[in-house]
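Colleague: Dropping the structure in here first, questions after.
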Amino acid sequence: MTRLSAATLSQVPSSVQTPAYDRNSLTVGIVHLGIGAFHRAHMAAYVDDGLADDPSWGICGVSLRSATTKTALGPQDGLYTLGVQSSDGLSPRILGAVTELLVAPDEPETVDQRLTDPNVRIVSLTVTEKGYCHDPATGRLNADHSDIQHDLTTDGYPKSAIGWLVHGVLARKAAGVAPFTILSCDNLPSNGATLKQVLADFVAHKAPADAAWFEANVACPSSMVDRIVPATSDEDGAAINQALGLDDAWPVMSEPFSQFVVEDHFPLGRPNWEKHGVTMASDVEPFERMKLRMLNGSHSTLAYLGYLAGDKTVADTMNDSAFKSLIGTMMSEEIMPTLAMPVGIDLLAYRDALLERFSNTALKHRTWQIAMDGSQKLPQRLLGTISDRLASGKPFDRLALGVAAWMRYALGKDEQGAPIDVRDPMADTFKQIDTGPVDSTVRQFLSLETVFGTTLPTNPVFVETVRAKLDQLQTLGARATIKANA
C-alpha cells in the first residue's frame with residue numbers, strides 16, 4: 001500500500017478531513033518536547049485548527065530519547081491520522097501541524113538552533129511526571145537525578161527536558177532574543193508553577209547569576225489537559241489505512257471529547273486558540289479541581305464498584321442504568337456544590353459530557369486498570385470533596401460508597417472469593433488488614449495516615465458513613481448496593 005505523505009495527500013478520499021491550509025506556507029512557531037501520542041491527539045489538533053488563520057504556528061516535534069516517532073512520521077512529511085472513536089464508529093482526520101521532527105540525542109545542534117530561533121515563541125512539553133526530574137512531595141528539582149547531574153556538570157548539550165529548556169532560554173538571553181513561553185501539557189496539578197520552580201532550581205545550580213532574570217522574564221503558564229488517547233492497536237491501524245486507502249505508519253486514536261484550559265500568559269503571543277475550543281483562563285486551578293473531582297473521582301468510583309460487580313470496562317458499568325444514575329447524581333448533588341467555577345462554566349453540561357464519555361463502547365477502559373494505585377489517588381479524587389461536604393454539613397453517601405468500594409477492592413478478593421491483582425504501592429500493607437468485622441476493617445484502613453490523614457478518621461460522621469457503605473457492599477454485593485444508592 002502507498003505511504004501517506006505530502007505527495008499522496010491528494011489521494012485521500014473526500015470523506016476524510018485533511019489540512020485546510022497550505023502546508024508549504026507554514027513556519028515553526030512552537031517546539032514541542034516529547035512528541036508522543038497524547039500531544040499528537042490533543043494540542044497538535046488545536047494548533048492544526050488555527051493554521052488556516054495564522055500559518056506561523058507550525059510545530060517542530062522533538063523526541064528526547066527514541067527515534068521511533070521520526071522513523072514513522074518522517075517519510076510521511078509529519079502527516080498522520082487522528083482516529084476519533086465513538087460508539088457510532090471511527091472518524092479519521094489527517095493532521096499537518098507537525099512540520100519538522102527531531103531526535104535530540106542524534107541532532108542536538110538542530111534542536112539548539114530551533115530553540116534559539118526568534119520565530120519560536122512557545123516551547124511546550126509532554127514528558128510525563130518523571131520527565132520533570134523533581135520530588136513530587138516538595139515540587140523541587142531532584143539534583144541527584146542522573147540526567148540532571150549530567151546537565152548541571154557538562155558544557156555540552158543536555159539530556160533532560162529541564163536541561164534543554166534552560167539551555168534554550170539562556171542561549172536566547174546571550175543572543176539578545178526574548179525568552180520563549182514554556183507551556184506544560186502534562187497531567188500535573190499546577191503544572192506551570194511546578195515547572196517554573198523546577199527550572200528555577202536548575203538555573204540556581206547551573207547559572208546562579210541568571211536566577212533573578214529567569215524568575216522575572218520566563219513565563220510558564222499552567223494548563224489543564226483532558227482527552228483519552230488509548231494505544232493504537234493493529235486493528236486500529238488497519239481500519240485507518242482502509243479509510244485512507246494509504247498506509248499511515250503511526251496513526252493515533254482518541255475519544256471525541258477534548259478539553260484544553262490554558263492560563264493566558266504568553267508574552268510573545270500565541271495562536272488564537274479560543275476560536276477553536278481552548279478555554280483561555282486567568283486561573284486554571286478551578287478547572288483542575290473540577291476535572292479531579294468530577295472526572296477522576298467518578299472514574300475511580302466506577303472502577304471499584306464496576307470491578308466488584310464483574311464489569312470489565314467502564315462502558316460495561318454504564319450499561320447498567322443504576323450505575324449511570326448513581327454517578328450522575330453523585331456529580332450533581334455531592335461534587336458540583338463543592339466547586340467554585342468562573343462565570344459561564346456549565347457544570348451540568350460537563351457532567352453530561354462525562355456520562356457520555358464513560359458510555360463510549362469504543363474505548364475499552366478496563367476497570368482493573370483505572371483501579372490501580374488507589375492509595376495515591378483517593379485523597380485528591382474523593383476525600384477532598386468529602387471534607388468539603390462535611391464542613392458544610394451536607395451528605396456524601398455516594399462519595400462514601402466510592403471510598404468503601406476501594407476498601408472492599410483493596411482487601412484483595414472479589415465477591416466470588418477469587419483473588420484480585422491489587423496494583424498499589426501499599427498492596428503489602430493491605431494484605432495485613434483483618435477481613436473480619438466491618439468496624440475493625442474500617443478502623444485499620446483509616447489508620448493509614450498517608451491516605452486518610454489525621455482529621456477524617458476522627459470524624460464520627462465520616463467513619464460511620466463509610467462503615468455503613470462497606471457493610472452494604474459485603475452484605476448485599478456491589479450490584480445490589482449500587483441499586484440501593486442510585
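The numbers here are math on the coordinates, done by the rules we state, and not lab data. Computed from a predicted model, the values in this text were never measured in an experiment. In this analysis, Cβ positions are derived from the backbone assuming ideal geometry, glycine residues included, and neighbour counts consider all displayed protein chains.
Colleague: Nearest 5 is fine: what % of DSSP beta bridges in the stretch 9-281 come out antiparallel, could you say? Could you put the intermediate results ahead of the total?
Modeller: Details: 13 of 38 bridges.
Here the antiparallel bridges make up roughly 35 percent for the stretch 9-281.
Colleague: Sticking with this structure for a sec: What percentage of all Cα-Cα pairs in the stretch 9-281 are separated by more than 25 Å? Spell out each step's value before the answer.
Modeller: Values: 16300 of 37128 pairs.
In whole percent, the share of Cα-Cα pairs in the stretch 9-281 beyond 25 Å is 44.
Colleague: Taking Cα pairs under 8 Å and at least six residues apart, what relative contact order does the chain come out at, in percent?
Modeller: Numbers: 806 pairs, mean separation 65.2, N = 486.
Here the relative contact order equals 13 percent.
Colleague: Once you list every other residue whose beta carbon is under 9 Å from the beta carbon of Thr81, what net charge do they have if Lys and Arg are +1 and Asp and Glu are -1? Mind showing how you got there, number by number?
Modeller: Working: positive: Arg93; negative: Asp248.
With Lys, Arg at +1 and Asp, Glu at -1, the net is 0.
Colleague: List the equivalent ellipsoid semi-axes of the stretch 1-149 in whole Å, largest first, each obtained as the square root of 5λ for an eigenvalue λ of the Cα gyration tensor. If you can, show how the numbers build up before the last one.
Modeller: Numbers: eigenvalues 176, 67, 44 Å².
Listed largest to smallest, the semi-axes of the stretch 1-149 are 30, 18, 15 Å.
Colleague: What relative contact order, as a whole-number percentage, does the stretch 319-441 give when Cα pairs under 8 Å and 6 or more residues apart are counted? Walk me through the numbers on the way to the answer.
Modeller: Values: 64 pairs, mean separation 29.3, N = 123.
The normalised contact order for the stretch 319-441 reaches 24 percent.
Colleague: Could I ask something else about it? Between Lys413 and Met341, what length in nm is gained on full extension when 0.36 nm per residue of separation is reduced by their alpha carbon distance?
Modeller: 21.9 nm
Colleague: Could you order the peptides 260-267, 230-237 from most to least packed, using the average number of other C-beta atoms within 10 Å per residue? List each step's numbers first, then the result.
Modeller: Working: 260-267: 18.9, 230-237: 13.1.
Going by the mean number of other Cβ atoms within 10 Å, highest first, we get 260-267, 230-237.
Colleague: Convex hull over the Cα atoms of the stretch 277-402, averaged projected area in nm²? Let's see the in-between values first.
Modeller: Numbers: hull surface 32.4 nm².
Mean projected area for the stretch 277-402: 8.1 nm², to one decimal.
Colleague: Just how large is the dipole of the stretch 179-297 about the Cα centre, in debye to the nearest 20, putting +1 at every Lys and Arg Cβ and -1 at every Asp and Glu Cβ?
Modeller: Working: 8 positive and 17 negative charges, 79 e Å.
Its charge dipole is roughly 380 debye.
Colleague: Give me the net charge for the shell around Leu90: Cβ to Cβ below 15 angstrom, other residues only, Lys and Arg +1, Asp and Glu -1. Numbers along the way, then the final one.
Modeller: Working: positive: Arg93, Lys364; negative: Asp88, Asp234, Glu235, Asp236, Asp248, Glu255.
Computed value for this residue: -4.
Colleague: Restricting to bridges with both residues inside the chain, how much of the DSSP beta-bridge set is antiparallel, in percent to the nearest 5?
Modeller: Values: 15 of 41 bridges.
Counting only bridges with both partners in the chain, antiparallel ones make up about 35 percent.
Colleague: For the stretch 278-345, calculate the relative contact order in percent as a whole number, restricting contacts to Cα pairs under 8 Å that are 6 or more residues apart.
Modeller: Answer for the stretch 278-345 is 41 percent.
Colleague: Taking only the Cα atoms of the stretch 111-229, how large is their convex hull per residue, in Å³?
Modeller: So the per-residue hull volume is 111 Å³.
Colleague: The list (1) 0.99; (2) 1.13; (3) 0.94 gives values of Rg/Rh (Cα atoms, Kirkwood Rh), and only one came from this structure; which label was calculated from it?
Modeller: Comparing each candidate, only (1) matches the computed number.
Colleague: How much net charge surrounds Ala44 when only the other residues with a Cβ under 14 Å from the Cβ of Ala44 are counted, with Lys and Arg +1 and Asp and Glu -1?
Modeller: On the way: positive: Arg23, Arg40, Arg93, Arg227; negative: Asp48, Asp49, Glu100.
Result for the neighbourhood of Ala44: +1.
Colleague: So, R0 is 45 Å and r is the distance between the beta-carbons of Thr71 and Asp373; what FRET efficiency does that work out to, to 0.05? Intermediate values should be presented prior to the final figure.
Modeller: Numbers: r = 32 Å, r/R0 = 0.72.
According to the calculation, E is roughly 0.90.
Colleague: Rounded, prolate or oblate, given the Cα gyration tensor of the stretch 285-485, with a/c below 1.5 counting as rounded?
Modeller: Values: a/c = 1.65, a/b = 1.20, b/c = 1.38.
Because a/c hits 1.5 or more and a/b fails to exceed b/c, the stretch 285-485 counts as oblate.
Colleague: Now for a different question. Roughly how far apart, in whole Å, are the Cα centres of the stretch 59-92 and the stretch 205-255?
Modeller: When both Cα centres are located, 10 Å separates them.
Colleague: A further question on this structure: Calculate, for Thr329 and Glu235, the FRET efficiency according to 1/(1 + (r/R0)^6) with r their C-beta to C-beta distance and R0 35 Å; round to the nearest 0.05.
Modeller: On the way: r = 36 Å, r/R0 = 1.03.
E(calc), rounded to 0.05, equals 0.45.
Colleague: For Glu129 and Arg443, FRET efficiency with R0 = 30 Å and r from the beta-carbon atoms, rounded to 0.05?
Modeller: Calculated transfer efficiency: 0.35.
Colleague: Let me ask another. Peptides 395-406, 411-422, 126-137: what's the order by average Cβ count within 10 Å, highest mean first?
Modeller: Going by the mean number of other Cβ atoms within 10 Å, highest first, we get 395-406, 126-137, 411-422.
Colleague: For the stretch 393-443, with only Lys/Arg (+1) and Asp/Glu (-1) charged at the beta-carbon, what is the dipole magnitude about the Cα centre, in debye rounded to 20?
Modeller: Values: 7 positive and 8 negative charges, 39 e Å.
It comes to approximately 180 debye.
Colleague: Now, a different point. Going by C-beta contacts inside 10 Å, put Lys469, Lys394, Lys324, Lys159 in order with the fewest on the left.
Modeller: Working: Lys469 25, Lys394 12, Lys324 17, Lys159 22.
Neighbour counts put them in this order, fewest first: Lys394, Lys324, Lys159, Lys469.
Colleague: Right, something else. So for each of 220-227, 269-276 I average, over its residues, the number of other beta carbons within 10 Å; can you give me the resulting order with the highest mean first? The partial results should precede the final answer.
Modeller: Numbers: 220-227: 21.5, 269-276: 16.4.
In decreasing order of mean packing, 220-227, 269-276 become 220-227, 269-276.
Colleague: Assigning unit charges at the beta carbon (Lys, Arg +1; Asp, Glu -1) and nothing else, what dipole magnitude in debye, to the nearest 20, does the chain show about its Cα centre?
Modeller: Numbers: 41 positive and 57 negative charges, 154 e Å.
Computed charge dipole of the chain: roughly 740 debye.
Colleague: I've got another one for you. HN-Hα J couplings of the stretch 276-286 from phi, Karplus 6.51/-1.76/1.60, θ = phi - 60°, integer Hz, Gly and Pro as x?
Modeller: Ordered by residue, 3J(HN,Hα) equals 10, x, 7, 8, 8, 10, 7, 8, 8, 4, x Hz.
Colleague: What ranking of Arg408, Arg467 emerges when the number of other C-beta atoms within 10 Å of each C-beta is taken as an exposure proxy, fewest first? Spell out each step's value before the answer.
Modeller: Details: Arg408 26, Arg467 19.
Arranged by neighbour count, lowest to highest, Arg408, Arg467 become Arg467, Arg408.
Colleague: Taking +1 at the Cβ of each Lys and Arg and -1 at the Cβ of each Asp and Glu, which of Ala67, Ala209, His167 sits farthest along the dipole of the stretch 9-281 towards its positive end, judged by Cα position relative to the Cα centre?
Modeller: Projecting each Cα onto the dipole axis, the largest value belongs to Ala209.
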